[in-house]
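Enquirer: There's a structure below that I have some questions on.
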Amino acid sequence: MSSPAPVDSSGVAELREFLAECDLTTSGLDAPGTRYWISRDERGRVVGSTGFELSPTTCDALIRSVAVASDARAAGLGTELALFAITAARDAGAQRAWLFSRRSGPFWQRLGFERVPTESLAEALAESPQVALFRATGQLARGVAWARTLS
Ligand SMILES: CC(C)(COP(=O)(O)OP(=O)(O)OC[C@H]1O[C@@H](n2cnc3c(N)ncnc32)[C@H](O)[C@@H]1OP(=O)(O)O)[C@@H](O)C(=O)NCCC(=O)NCCS
């Protein structure tokens with residue numbers, strides 16, 4: 001397994017395809033303030049992704065696109081990729097990490113996240129492409145939000 005490698009503009013299509021396979025949001029992946037990484041197996045196949053969007057103040061980070069290929073799950077890669085994004089967001093200046101997750105709440109709770117109102121996330125990350133999309137499509141009301149401090 002390779003270490004997570006940064007996704008540049010030429011890699012966004014590949015990331016989008018992987019996220020679609022994992023049933024995650026694919027919009028705004030190339031928006032300003034976004035950073036993504038992918039992991040590959042020995043044959044070069046994408047097996048994981050991770051990333052975040054940073055608020056303009058850099059105080060808040062929206063962790064996004066943490067995903068593992070279905071046949072590579074339950075072996076610790078998801079935790080590794082989540083911690084990678086959390087560390088990178090902290091290094092970029094973020095003091096708080098936020099995310100949406102309807103299906104994987106217990107996974108995030110293990111990493112110190114607590115459930116918060118979606119409106120708190122939307123206020124902290126008002127300019128995030130994912131928040132804008134969720135507002136426009138009505139998904140914000142149905143979303144499940146999580147947050148933790150980064151200290
Ligand atoms: C969530 C996801 C990234 C976890 O990846 P993974 O490689 O299986 O995670 P890990 O192997 O590091 O799992 C760590 C622990 O969390 C648990 N866990 C993993 N996914 C879970 C989930 N969806 N719900 C509850 N617990 C979960 C595992 O059982 C494991 O517990 P254990 O150590 O007691 O066995 C993966 O299931 C996935 O890609 N899901 C689809 C995309 C998604 O929902 N992403 C999160 C939103 S950004």
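The values are calculated or read from the model by the stated rules, or taken from the named source; none is laboratory data. Owing to the predicted nature of the structure, the values given are computational and were not obtained by experimental measurement. Backbone-built Cβ (ideal geometry, glycine too); neighbour counts: all protein chains shown.
Enquirer: Being over 24 Å from Ala136 (Cβ atoms) and at pLDDT 95 or above is the requirement here; does Leu77 meet it?
Expert: yes
Enquirer: Looking at Phe52, is it within 16 Å of Ala88 (Cβ to Cβ), surrounded by 13 or more Cβ atoms within 10 Å (Cβ to Cβ) and hydrophobic (A, V, I, L, M, F, W, C)?
Expert: Considered against the rule, which asks whether it is within 16 Å of Ala88 (Cβ to Cβ), surrounded by 13 or more Cβ atoms within 10 Å (Cβ to Cβ) and hydrophobic (A, V, I, L, M, F, W, C), Phe52 comes out as yes.
Enquirer: Pairs please, first residue from the stretch 92-106 and over 15 Å from Ala61 (Cβ atoms), second anywhere and at pLDDT 95 or above and surrounded by 14 or more Cβ atoms within 10 Å (Cβ to Cβ), Cβ atoms under 7 Å, 6+ apart in sequence or on different chains.
Expert: Qualifying pairs under 7 Å: Arg102/Val144; Gly105/Val144; Gly105/Trp146.
Enquirer: Here's a follow-up. Within the stretch 59-103, how many residues turn out to be under 14 Å from Ile38 (Cβ atoms) and among the aromatic types (Phe, Trp, Tyr)?
Expert: Selection size over the stretch 59-103: 1.
Enquirer: Name the residues in the stretch 60-88 that are out of contact with any strand residue (DSSP E or B) (no Cβ under 6 Å at 6 or more places or on another chain), within 7 Å of the ligand (Cβ to nearest atom) and not charged (D, E, K, R), would you?
Expert: Ala74, Ala75, Gly76, Thr79
Enquirer: Sort out which residues of the stretch 34-59 are touching a residue at least 40 places away in the same chain (Cβ under 8 Å), away from the ligand (no atom under 14 Å from the Cβ) and small (Gly, Ala, Ser), and write them in order of number.
Expert: Matches in the stretch 34-59: Ser55 only.
Enquirer: Separate question: If a residue must be in contact with a strand residue (DSSP E or B) (Cβ under 7 Å, 6 or more places away or on another chain), over 18 Å from Ala92 (Cβ atoms), not in a helix (DSSP H, G or I) and not acidic (Asp, Glu), how many such residues does the stretch 15-48 contain?
Expert: Summing the residues that are in contact with a strand residue (DSSP E or B) (Cβ under 7 Å, 6 or more places away or on another chain), over 18 Å from Ala92 (Cβ atoms), not in a helix (DSSP H, G or I) and not acidic (Asp, Glu) in the stretch 15-48 gives 8.
Enquirer: Across the stretch 1-58, what is the number of residues that are over 20 Å from Phe134 (Cα atoms) and polar (S, T, N, Q)?
Expert: Looking only at that region, the number is 8.
Enquirer: Something else now. Restricting attention to the stretch 1-21, and to residues there that are surrounded by 15 or more Cβ atoms within 10 Å (Cβ to Cβ) and within 11 Å of the ligand (Cβ to nearest atom), which single residue is farthest from the chain's Cα centre (by Cα)?
Expert: Phe18
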